[in-house]
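To start, the structure under review is shown below, and the notes come after it.
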Amino acid sequence: MARDQEATPLQIADIRAMLSRRRRPALAAAVAIGLLVAVLPSLLLPPLYRAEATLTAGRGIKAIELQRDPLAGLVPDQLVSTQRELLTSQAVLEDALAMSALRSNPTYAAAADPVMLLRKRLGAMVVKGSWVINASLDDEDPVRARDGLQAVLDAFANRQASDHRARSEQDLATIARQIDAVSQRLATARMAEAGFRSAHAIASINPDQNHLTTRIANVAERLAQLDDRIAASSALIQQARAAQQLTDPKQRQAAMLRIDTISSLTVVGILQTELFRLEGQEAELASKYLEKHPRRIEIANHLAAKRAQLDETITAAQVSIEVAHTALLEQRRQLDETARMLQGELNVYRERLIELQQLGQETATQQRMLDALMTQQAQTRSTADIDDRRMTVQGEPRSSPVRRGIGLLPTLVLATVAAAAAAVITASLADAIDRNVRNAAAIEAVTGLRCLAALPASTLDADADAGGVAAADALRALAAALRLAPDGAAPAQVVVVAAASPADGSAAISTRLAAAFAQSGLRTLLVDADLGDPRHAALLGDQRSDGLAELLAGTPDMAPTAGVRQNLDLMPAGGANGASADLLHSHCLPEWIAHCRTSYDAVVIRCAPADDTADVLLLGGVADAILLLARQGATPVDALDAAWARLEPLRSRCRGFTLVQQPAG
């Protein structure tokens, strides 16, 4: 069953081959169409005269630049193209027709759309890389062509002026509306900014220098001073608590008195003075009296009372130190709370400053927009009467005295293109009508087989040297392809060459294929099994009249003719007395082929055409491979279909096909 083939685009080589095959009808069509295209325009198109003029971009007085603009005064290519479109616009052409004598031209009078006719005859080409437009107008009369072009240029100039005035007025009106809108937005922005300042009591817009940052700095200074006092108070408390840890009352009292804050108290100083006086009296009495003397007892009681009074005073001083420390800690807590409150207020203040800054930016933006619009308004007013982009005509329109039509070179080019197209179309139609095989793709579409080799037409000459190197290389490639075993199978030793139709040259191809096997060093046997149309004996110069027919009929001692070429033997068809194709049904055929397998390296069998006989099935049944043969331009597609249908039982042995090409030229 044939494989589906994807359509491939037509290549140049395919077109060249198609033109070569159908050269006669293609040449006739090309000559006829080329002459028709070359002659017909001169018969149908009326001769015309051409008037020409040149327009350039105005480069005269320029507007005063109120702001720096590096692009001001430049005329880009797009501007020139826009002017060209205006020159050929509907409005300009209608005005030109109304103010000129072009309507007196019978051609315009008879036209359904005179404006469209004028646009076709009017040419406007921008000179590349310049600000120049070349305008032209064709007409049957040279004077009318010149006057008509002048009318078009006048209408174009009027349209330029009116467009410029309208554009200036429109620009000024647009700018005025924008100024009003921006002024309103500016007033609104200023009011919003002032209202925000007043509502939030914003006096300074510096986030780091304002009344809140000043208060925070004062609180921080007070906290630093308070921390110093708390540190000193903590040190006194630590000294007092260390002294209280002593067990000896005198040592404990002495340690407490070493604390400056306690020892510097007035009452402590008085008590110490009295205590020192009493201790002096005790020492004086001790030198005079015994311990039990009333005076010494009295002094001892006074000393004990003063020491107790001093201890109480020291304890009270210690308590006052701790109370003062507690007060300092409370003050610090309150200052911390005040600092946090002030920091929160500062954060809110800064957020409001950001909002105020955004309002200020909006005000500044609106002010810049207003300034820019005012500047643009002043510049637009100053340039309202100045158009530095106007296209001006250089000189008067000039009418060519020479009649203008289609030039010789364009006519030749058009005729050549038309002739080439006619040749290709004619050849394509001829190929579509022709039912013969045109290329290998057509065979592959029918059979699904691969092309083993494309043989040049010179291969149809049975002479081994005919066709030169190209034919020899193609035959060697074909022989090698047949010997290659697909999918690991054994190489093909016995090959049947089956032509799709009688005109395919199977005798010459099988002869040269066998010669190619022989030249490669293989001992080869060529068998002519087309008993109805024997050819090999005549092609190879073998004079014997018997052969395969006699062998299959049972004649003993029938052997091939040895050495018709080097390494090549021939078994001719024989049957001089009238051989029947039914002999191929003989049991001798498979026995003899089996014997040939032991005597030869390669056996090439030519059979009758596969489209109308069943010989290929009998011979293919004893062969290793079947080679389908077709001839370009000679093998009918119907014959190829019939041959492929007949080969259905043996399609697995069909190794591929070979196509004999048409002669070049």
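The values are calculated or read from the model by the stated rules, or taken from the named source; none is laboratory data. Since this is a predicted model, take the numbers as computed values, not measurements. A quick note on method: Cβ atoms are made from the backbone with ideal geometry, for glycine too, and the neighbour counts reach across all protein chains shown. For accessibility, only protein heavy atoms count, side chains too; no ligands or nucleic acids. Shrake-Rupley method; radii C 1.70, N 1.55, O 1.52, S 1.80 Å.
By the combined test of axial Cα extent (at least 24 Å) and Kyte-Doolittle hydropathy (mean at least 1.0), the qualifying DSSP H helices of the chain come to 23-44, 408-433. Between the labelled values [x] 48, 32, 21; [y] 120, 67, 17; [z] 47, 36, 21, the entry that holds semi-axes √(5λ) of the Cα gyration tensor in Å as derived from this structure is [y].
Near Gln184: Cβ cut-off under 12 Å, other residues only, Lys/Arg at +1 and Asp/Glu at -1. The net charge is +2. Summarising the amide proton neighbourhood of Val132: residues at separation of 5 or more, or on other chains, whose placed amide H is nearer than 5 Å comprise Val127. By accessible area, using a 1.4 Å probe on protein heavy atoms only, the chain has 56% of its surface on carbon and sulfur.
Once all protein chains are placed together, Met191 keeps about 140 Å² accessible to a 1.4 angstrom probe. In this Cβ point-charge picture (+1 for Lys and Arg, -1 for Asp and Glu), the stretch 521-595 has a dipole of about 280 debye about its Cα centre.
Ordering Gln318, Leu40, Leu568 by the projection of their Cα atoms onto the charge dipole of the chain, which places +1 on the Cβ of Lys and Arg and -1 on the Cβ of Asp and Glu, puts Gln318 at the extreme positive end.
Counting only residues at least eight positions apart within a chain, or on another chain, the lysines with an alpha carbon under 25 Å from that of Lys306 are Lys250, Lys288, Lys292.
Treating cross-link reach as a plain straight distance, find the aspartates and glutamates whose alpha-carbon is under 18 Å from the alpha-carbon of Lys120, omitting any fewer than eight places away in the same chain. The reachable aspartates and glutamates, counting only those whose Cα sits under 18 Å from Lys120, are Glu52, Glu85, Glu94, Asp95, Asp138, Asp139, Glu140, Asp141, Asp147. Note on the chain: dipole from Cβ charges, positive end direction compared against Pro410, Leu186, Val267; the farthest Cα belongs to Val267. Counting only Cβ charges, +1 for Lys and Arg and -1 for Asp and Glu, the dipole size of the chain around its Cα centre is about 2040 debye. Estimated from helices alone, the mean residue ellipticity of the chain at 222 nm is -19500 deg cm²/dmol (sum of -39500 (n - 2.57) over DSSP H runs with n ≥ 4, per residue). Annotation: amide H-H contacts under 5 Å for Val660 (H modelled 1.01 Å from N, sequence separation of 5 or more, or interchain): Leu455, Ala630, Arg631, Gln632.
All other residues whose Cβ lies under 12 angstrom from that of Leu212 are scored, Lys and Arg at +1 and Asp and Glu at -1, for a net of +1. Each residue was assigned an accessible area with a 1.4 Å probe, and for Arg476 the value is about 130 Å².
Ligands, DNA and RNA excluded, the heavy atoms of His211 present near 100 Å² of accessible surface to a 1.4 Å solvent probe.
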